[in-house]
Structures are given as structure tokens and as C-alpha cells.
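The values are calculated or read from the model by the stated rules, or taken from the named source; none is laboratory data. The model shown is predicted, which means the values in this text are computed figures rather than measured ones. Here the Cβ positions follow ideal geometry from the backbone for every residue, glycine too, while neighbour counts run over all protein chains shown. Protein only, heavy atoms only, side chains kept; ligands, DNA and RNA dropped before computing areas. Shrake-Rupley method; radii C 1.70, N 1.55, O 1.52, S 1.80 Å.
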Amino acid sequence: MSNPAASSPHASKALSGKLLVWMLLGAMLIVTAILIGGVGFALYGPDETPVISPQTTVLTEPLRADGWPDYEEAIRRRWARGATPANNGAIPFWRAMITSDLGELDDPAEQDLIARELGIKTLSLGDGFVGGPDALERRLAEELQQAHPRAVIATENLLTFFHRKPWTKQDSPLLASWVAANAAAYQLLHEAAAASHFYPSSPTLLDDQRDRLQDIALPALQHSRTAVHYLCLRAMLAVGEGRPDEAADDLIAAYRLADHISAGPFPIHLLLGEYHNLVVDRALAHLCVSREVSLETIAKLLRYIESRPMPRDPLDVELEIERIAPASYAAQLATKRARIDDGPTNPPLRARRIDWNIALKELAPLADLADRAIAAPDLPTRDGLISKLRGAHRQLSANSNQPFGWRQIVSTRDRSRRQAWLISGDSFSFFLHRNREMRFSIMTQQRALARELLSLTAQRIRDGDYPDEYKAEGINYRRTNEGVLLWSNGPNGRDDRGLRSFAVARPQDSLLLPLYEGRLIPLAQESYDSEKPVALDPAQQALLDAIPPDADDAAIRLPPPQEPWPWEEAEPNE
């Protein structure tokens, strides 16, 4: 028997209303799930893999297993081109230096990695320099302290006194014995310098990790500095003991090592090669003022100096790296090798989904401007493109300072563009923004001044004294009470009578000195590696202010500025 109440119109309506509510709730849950899933995918789903092309990734080969170009491998191949175990000067270089000071290459696994890359079993055969420079300086300080008990001998940079001025066995019997004991290691440096190629490699170019190009480890740079110092140290011993002709081969080897280092793929190679040249130039000047040096030795040095290749423009080297640096950093982030923190209060931007095609296209104008600057037909065109490149970097970096808002949360496009802005700010070039013109000017003027220095020395040897007048294109000359001053007209072609700024804290630190009308400026206004001003007393500042801001004339002085030995400077007068 049926229940009349169950079939009443009121019951049907109630059932329909409940069903509708459940249907609406179900629909809302489905929509919510779709929205949450969509937002979740948009935020944390897999990144959009880029299209490999010159307009996105810049390089199209070689490729890694993850599909991105292998930027480090591209650099490695270019650096290693033509080098073999038979012609690679880095092999005897490592044999000489690896036993001296491990420096950045203290991991045996990294040493083995480089040895395999160079095609040898080990970097060391036990015939390299004995002990590192730090240990040698400690022993040297103990010896000098005993010999000069009233002086205060500091250990730091003590060896620099011996590689930048003539010395004898009497000054340090310990150091003279060390030089003699390391004859085999010195021969290895000469073999390294004479080789046609120099590829020391880098562990970070050989491992499976991705690194920012600014962070590539270059352990050979540290060792090359020590090697050049060791060569000049032995040369200054020969000059000090009246055997300057024996010093010439060490100086030529040091110059050749400087050229090898300058040929490396990064801007820092060129800048360190410049530093090496300054060190050897100073030693060369001491050889040139020696009364025992022969005309044959000066002629040999002059032939070598005239045959040296001219330095590369630092900007060319920087542009080659700059064109791939942002895309390389993008690859590092995309393959989860690193991340960029988007400010102190926001989670890492890399944790959210990125469309790398969008990010790379945002960065593409940087590579395009770098390519166009490399191919520019003349300097004004290139300078204009460089200015645009700097402006583009500044604009992209400035964009990254915008507050992180809801658009970056919900929009993959806006997140990807912001990622590109952050990459630009964190991968901008190494030295494009600092003193490029001055540095290249110094590098080119060095070669000209060293050549004229040798020519003047040859005249002094033949005639018994320096000439009263001396003419050379772009070079100015003046006799002084002590010797001579040489200075160049610089790239602007003018005799500015001085150089406004250079890497000197004291006149003893370099041959290329700021001067004005023959007067040496004791301090430079700016240090080499920092824009922080160096403190000057009023007299020094007045001398420096007399030099025009755009003065670019480098100078060399003979005899070189004399620096007292540390015991002469520190010992009180009797």
C-alpha cells in the first residue's frame, strides 16, 4: 500500500531542491579543482623548454643531454683549439707550479680531471718548485729578522722586494740557495713559455655542473702570477750580481708567459696578462740601467719586443663572453643548478614555472647588440652599440626592482619576463663599465715604451750616455738629473703631460706612472680594482688636479724609482 505523503508535491520539490544544491556544490568543486590545478600547473608545472636558436639560446651547439646548449663546453673547445700534449705549454707549467702552491687546485680529483683533459697521467712529476711562496716568505722573514734584529720584518709580500729590484746573495743567502736548487723548475717555465699553445684548462669547465661564466674557476691565473714573480726574482739576482746578460732569457720567458695568459678566453686573462707585463717591464728597466749589460743582449731583447703580438682589445674579449652570459645563466637556472632570490620577503622566483622562450626573447636584444658591436666596422659605431648595450642592461636590471605582485603570481609571461630581468642584473658583463679605454691604452703604450726604452739603452751603450734629444712617433723624451723620462701621447694623440689615473698606490709599484711636466704623482686618485678614492694629502691632490681629467699619457722613468729594503726602511737610525 503506497504512502500518500511520499508522492506529495511538497516532497518532490524538496528532493529536487536538495539535488540542485548538490549539483551546484559539485560543479563548484569541479571548477575550484580546475582552477587550483591550473594555477598550480602555471606556478609549479614543468618549465617551457626553449626553442634552440640564435634568437633564443644564442648558441645552437654543442648541446647537453638536457637539450640546452653547453656554453662551458663551447668555451673549452675554443680555448683548447690546437693544443696537444706535444705543444701545450700548460703541461710543463703545471709540472713546475703544482708542487709550489696548490692554491685553488687543492682537490686531487680536480687535478686528475685536468691531467686527463691535457692528455697526461699527472700534473706533477716531482720536479717543480719546492714549497710555495707563503712558506718561502716565512723562511725569508726569519732569515732577515736574524740578520737585522732592530728592524721589524713583515712577512706579507716580502718576495716582491726581490723580484722588482736587483739583489745579491748577501741580501739573502737563503733565497739565492733556493733559486739555485730550483734550476729544473725554472727550465720547465722556460719550456712552458716557448710552447706554441697554452691551455691549462679549468675544473669547472670539465665537471658536470653548470656555473655562471663569472664563476668559472681559473687556477692557472694564481700560479701564473707566482711564476712571473719567480722568473723576475732570478733575473734581478743576475742583474744585482753583475750578470745582466743572464737575466734576459728569464725576462723573455716571463713576457711569453704573460702573452700566453692574455690569450685566455675571459677578460680577467687579459687584465692579469697586463699586470704580468708591468712586473716584467720594471725588471727590464733595472736591466737596462745596468752598466754591465751588453749591446748584444739589448739587441736580443729588442728583437723579441718588436716581434710580440699586440694585445687584444679587452672589449672584444668581454663582448664574446657578454653575448652568451645571460643565456648561459638561464640554462643554469632552468636545469635547477641555481636559483635567484627575488628579494628578502619573496620565495625564490625559480620555484615558479618559467617559459624560457619568453625569458630568452626578453634577453635576446643584449646578445644582438653584442654581436653587432663585435662586427662593427669602426670604433664610433662600436662605441655607440656598446652604449646601447649598457643602456639595455640597465633598463632590464631596473625592471627587476618593481614590486613582486599578483601578475607575477598568476601570469607565466610576467614571471618569465621578470626572470629575464633578474638574470640581466646578475650576469652583466665583467668589466664593460670600468676604465676599458684607460686599460687598453696602458696595454698598447706599454709595448711602445718598452721598445723605446731598449732603443735608448742601445744608444747609451754605444755612445756612453743618453742622448740630449730623442725622437720616436708618439713618444716624448726628456733628460733629467738622474736619467731620462719617456712618455707617450696616448690614444688621443695629444701630449697631455700626464696620466690622470692608473693602478699605483706608490711610485715604486709601477713603471707607468702619473706625471705632470716631469713630476711624478705619488698617489693615484683611484685604485685599479675599485672606484673608492685613495686618500691624498693636499700637496698630492694639488699635483693630481693639475692633470686634465682625460689625460692618457703613460710614462716610464730611468732609473726606476728606488725602493728601500724593508730592513733599511724599518731600522731606526744609529
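Against the conditions (1) hydrophobic (A, V, I, L, M, F, W, C); (2) in the same structural domain as Asp215 (by the TED database); (3) in a helix (DSSP H, G or I), where does Ala331 fall short? Just the number, please.
So the condition that Ala331 fails would be (2).
Within segment 208-221, work out how many residues are assigned to a loop (DSSP other than H, G, I, E, B) and open to solvent by 60 Å² or more (accessible area, probe 1.4 Å).
Of the residues in segment 208-221, 2 are assigned to a loop (DSSP other than H, G, I, E, B) and open to solvent by 60 Å² or more (accessible area, probe 1.4 Å).
Taking the conditions exactly as written (part of a loop (DSSP other than H, G, I, E, B), closer than 20 Å to Glu191 by Cβ and outside the structural domain of Ala554 (by the TED database)), does Gly242 satisfy them or not?
Criteria not met by Gly242.
Out of the residues in segment 221-262 that are under 12 Å from the mean Cα position of the chain (by Cα) and touching a residue at least 60 places away in the same chain (Cβ under 8 Å), which is farthest from Leu295 (Cα to Cα)?
The selected residue is Gln222.
Please specify each residue of segment 110-146 satisfying the condition of being open to solvent by 20 Å² or more (accessible area, probe 1.4 Å) and of a type in the set (Val, Ile, Thr).
Ile120, Thr122, Val130
Assuming Gly483 fulfils every condition listed in (1) small (Gly, Ala, Ser); (2) at pLDDT below 80; (3) under 21 Å from Lys165 (Cβ atoms) apart from one, which condition is it?
Gly483 satisfies all of (1) small (Gly, Ala, Ser); (2) at pLDDT below 80; (3) under 21 Å from Lys165 (Cβ atoms) except (2).
Considering only segment 373-391, state which residues are surrounded by fewer than 17 Cβ atoms within 10 Å (Cβ to Cβ) and assigned to a helix (DSSP H, G or I).
If the condition is that a residue be surrounded by fewer than 17 Cβ atoms within 10 Å (Cβ to Cβ) and assigned to a helix (DSSP H, G or I), then Ile374, Leu379, Pro380, Thr381, Asp383, Gly384, Ser387, Lys388, Arg390, Gly391 are the ones that fit.
Can we say Gly273 is modelled with pLDDT of 90 or more, buried (at least 21 other Cβ atoms within 10 Å of the Cβ) and assigned by the TED database to the domain that holds Phe129?
Answer is no for this residue.
Of Phe404, Phe428, which residue is at pLDDT below 80, open to solvent by 20 Å² or more (accessible area, probe 1.4 Å) and within 19 Å of Lys361 (Cβ to Cβ)?
From the options Phe404, Phe428, the qualifying one is Phe428.
Is it the case that some residue within segment 317-340 is at pLDDT 90 or above, open to solvent by 10 Å² or more (accessible area, probe 1.4 Å) and of a type in the set (Asp, Glu)?
no
Go through segment 101-126 and report how many residues are in a loop (DSSP other than H, G, I, E, B) and among the β-branched types (Val, Ile, Thr).
Of the residues in segment 101-126, 2 are in a loop (DSSP other than H, G, I, E, B) and among the β-branched types (Val, Ile, Thr).
If you check Glu574 against the conditions, is it at pLDDT 70 or above and open to solvent by 70 Å² or more (accessible area, probe 1.4 Å)?
no
Does segment 290-302 hold any residues that are crowded, with 19+ Cβ neighbours inside 10 Å and of a type outside the set (Gly, Ala, Ser), and which are they?
Hits for segment 290-302 are Val293, Thr297, Ile298, Leu301.
Can you go through Pro85, Pro46 and tell me which one is modelled with pLDDT of 90 or more, open to solvent by 30 Å² or more (accessible area, probe 1.4 Å) and over 27 Å from Ala370 (Cβ atoms)?
Pro85
Look at segment 165-185 and say how many of its residues are hydrophobic (A, V, I, L, M, F, W, C) and either within 32 Å of the chain's Cα centre (by Cα) or crowded, with 20+ Cβ neighbours inside 10 Å (or both).
The total comes to 7.
So which pairs qualify, if the first residue must be in segment 205-216 and in contact (Cβ under 8 Å) with a residue 24 or more places away in the chain, the second must be open to solvent by 60 Å² or more (accessible area, probe 1.4 Å) and assigned to a loop (DSSP other than H, G, I, E, B), the Cβ gap must be under 9 Å, and the two must be at least 6 apart or on different chains?
Gln209/Arg337; Arg210/Arg337; Asp211/Arg337
Note down all Cβ pairs under 7 Å where the first residue falls in segment 142-167 and is polar (S, T, N, Q), the second is surrounded by 15 or more Cβ atoms within 10 Å (Cβ to Cβ) and in a loop (DSSP other than H, G, I, E, B), and they're at least six residues apart or on different chains.
Gln145/Ile153
Please enumerate the residues belonging to segment 127-151 that are under 23 Å from Ala176 (Cβ atoms) and outside any helix (DSSP H, G or I).
Across segment 127-151, the qualifying residues are Asp127, Gly128, Phe129, Val130, Gly131, Gly132, His148, Pro149, Ala151.
Against the conditions (1) over 22 Å from the mean Cα position of the chain (by Cα); (2) on the phi > 0 side of the Ramachandran plot, where does Gln145 fall short? Just the number, please.
(2)
Within segment 341-372, which residues are assigned to a helix (DSSP H, G or I) and modelled with pLDDT under 85?
The answer is Leu349, Arg350, Ala351.
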